[in-house]
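Working notes, structure below.
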């Protein structure tokens, strides 16, 4: 159909007899009108006039035509969504040359040039595209791309000229052959699509990175590509929504993303400078905010100046890199950090020959850009190497075992190293927060993709302008070399694996090595400096010397008190099975997490054996205080419960995927869901939480901790925990919220199943609403109840691989699409499956070895 129209027009234009010409054009018009109500193509010498016709993509996702934005009366040719969010514009052709009336028309010349004319055929915009013959067609694709074809060859596309919207399949970068740059530019206002002051570019100076500008002022940036993703962003495992691709060769450098599912997503640079990732939710017929480029205060470019590090967990946020001091102390004290930091001791700039005066490098571990997990071993003695691995792992080489393979400790370390996950070898008791940083601005950097890290160090030593170095690619143990040849700008703390090596004077490094020989307590205190530390006197005064009248609850950690300033004080009990490790773990985890559905940690106190945490006070206590009380449960109607379910899901999703410090909670239960004054849920109690990096989402432990009734089968029986362990706990929690009864205390006169088994029976019989608490009958929305139960059953599947990710859970809860059928869930009873050793639980209940039935 596309080329028939083009050929008809071509032959008609070459006919000598005017009557035949008119006849063929008439036939072409008949074909345009009779085949379907909307067409996605125009051929040479055809026109689209303002108000008379549009192009519609094959699947009717996008439409092209003339429009007026907002309150403006000017007319523009643009592309907008048609099937969904009708009228949401994604591309504008004549954004700088509007038409003042409705006389505009779009036509395609025989040479393949798209032209917009107005009034007396004056040209206001042209694609400046040409072909070598007259068989040309312009087509609006289902991707939103307007393409000009010369037979089967593309000679022009709108995707090469993005505006304020970045669609799947578009490129952000530069064509190194033609010099064309693909970048996002904002509208001037909601009523004016002409180029505004904001733009996002993928800068190719030095080592490529994404920059955000307001006019000529650099506002912020994202770290460069590290082989698995962009620095500073969590590495997503098994992303079912979209895939990312970064290409860098001698012809072009660009980044793009492609959708892998039916989800509709777009990235928009708003007229006021916000970069938003938006996702369409059909159920509510609206876009929801998936993420934003502006995360926090530290995203302001070079807030802390040269050689400064920004941390959102410190007040003030700016500190100097180790070995540096404020250049202007008075300005620094006045919270003006732009002047940055200078070296305490000057560099000698040796030639790398090994003399005693040459400079060395101070390693800042786990940065945003890459990870390098090798060990610095000066001896080639084999036994020493084994000993180092045993010290790090905490296990004997000859007794080592792993569920995923049969390798010994050396083989396991090698596998992790090749996968870029060497930190996974670290003993769980040592996985505390480290000093981390985002790699500095790379516009004044030099890179080589083939060098090793050792060669990179030598290259840096031989260049007196080199201030630091790191690896380019984190995959397979790290490869490539990146050198900074100027001051280090825009460095910030992150909890993502990367090593960066800062050049320092040898004399400055002499005292550094002793840091690793200090006692554990010193290290623990250093790692807790990110948040406010209160004295025991302040805490005792606030709680009336821990008066019983101020006690508001008791948990696995210990008693909880409140004071008049609306804070909650959590004090470690002497009888608690949790201790220093759990305390330290909770502080480190919570201090680095910020989300509306997570409880906020305000500070801590350490005094001899006293370990105390200070949180924001939650007016409505915990979810279990309402849920499992016959009277108070009446205060929770269905809209409130569904809001709690969605809030918990979003909080867990943030922990698993969206936070910089990715977390497996391991103790999700109703008692650990706090409720604020508006009944919004806040996930709390991170003492048992474990962090993971990128794809390292599964671990194993011999010490199974948690709460009976919420623990997944693979964790209870084999000690294996992963993000899917939290998914299981969430499924149990959803069923409890709907039913109003605890899973481990549930009983039914007709059978001996627990809550999971009862929900499964009702589902198979088509009577899922029978699970609903009687107090919810009047307020419930049946479709939401049924969908919540269905999702919960998917979450409590026996095998982890059968359970959805929390991202899928959130989408299933807010959408109306079909859901996969659940399999028989994991059933638990309080009877043991034999004579097995029982395992401790944090709330002093006994967890026996559990089995499915």
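Structure data summary
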| item | result |
| --- | --- |
| Subset of the range 443-456 that is part of a helix (DSSP H, G or I) and at pLDDT 85 or above - its residue that is surrounded by the most Cβ atoms within 10 Å (Cβ to Cβ) | 456 |
| Test: residue 809 is in the same structural domain as residue 631 (by TED's automatic domain parsing) and within 29 Å of residue 679 (Cα to Cα) | yes |
| Those residues of the range 746-777 which are loosely packed, with under 15 Cβ neighbours inside 10 Å, assigned to a loop (DSSP other than H, G, I, E, B) and without any contact (Cβ under 8 Å) to a residue 24 or more places away in the chain, in sequence order | 747, 749, 750, 765, 766, 767, 777 |
| Checking residue 304 against (1) more than 30 Å from residue 447 (Cβ to Cβ); (2) at pLDDT 85 or above, the condition it does not meet | (1) |
| Verdict on residue 788 being in the same structural domain as residue 673 (by TED's automatic domain parsing) and more than 26 Å from the chain's Cα centre (by Cα) | no |
| Residue in the range 316-333 that is surrounded by the most Cβ atoms within 10 Å (Cβ to Cβ), counting only those that are touching a strand residue (DSSP E or B) at 6+ places or on another chain (Cβ under 8 Å) and in a loop (DSSP other than H, G, I, E, B) | 321 |
| Qualifying residue in the range 657-664 (condition: under 26 Å from residue 554 (Cα atoms), in contact with a strand residue (DSSP E or B) (Cβ under 8 Å, 6 or more places away or on another chain), assigned by TED's automatic domain parsing to the domain that holds residue 734 and at pLDDT 85 or above) | yes |
| Residue check for residue 666: in contact with a helix residue (DSSP H, G or I) (Cβ under 8 Å, 6 or more places away or on another chain) and on the phi > 0 side of the Ramachandran plot | yes |
| Verdict on residue 614 being within 29 Å of residue 297 (Cα to Cα) and assigned to a helix (DSSP H, G or I) | no |
| Residue in the range 473-489 that is surrounded by the fewest Cβ atoms within 10 Å (Cβ to Cβ), counting only those that are in a loop (DSSP other than H, G, I, E, B) and at pLDDT below 85 | 478 |
| Residue 5 vs. criteria at pLDDT below 95, buried (at least 19 other Cβ atoms within 10 Å of the Cβ) and either assigned to a loop (DSSP other than H, G, I, E, B) or touching a helix residue (DSSP H, G or I) at 6+ places or on another chain (Cβ under 9 Å) (or both) | yes |
| Residue list for the range 668-678, filter: in a loop (DSSP other than H, G, I, E, B) and either buried (at least 24 other Cβ atoms within 10 Å of the Cβ) or outside the structural domain of residue 731 (by TED's automatic domain parsing) (or both) | 668, 669 |
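Okay, residues lined up against (1) in a helix (DSSP H, G or I); (2) at pLDDT below 70; (3) in contact with a strand residue (DSSP E or B) (Cβ under 8 Å, 6 or more places away or on another chain); (4) surrounded by 14 or more Cβ atoms within 10 Å (Cβ to Cβ):
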| position | (1), (2), (3), (4) |
| --- | --- |
| 511 | no, yes, no, no |
| 524 | yes, yes, no, yes |
| 569 | no, no, yes, yes |
| 604 | no, no, yes, yes |
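The values are calculated or read from the model by the stated rules, or taken from the named source; none is laboratory data. Since we're looking at a predicted model, the values are computed, not measured. Using ideal geometry, Cβ is built from the backbone for each residue, glycine included, and neighbour counts are taken over all protein chains shown.
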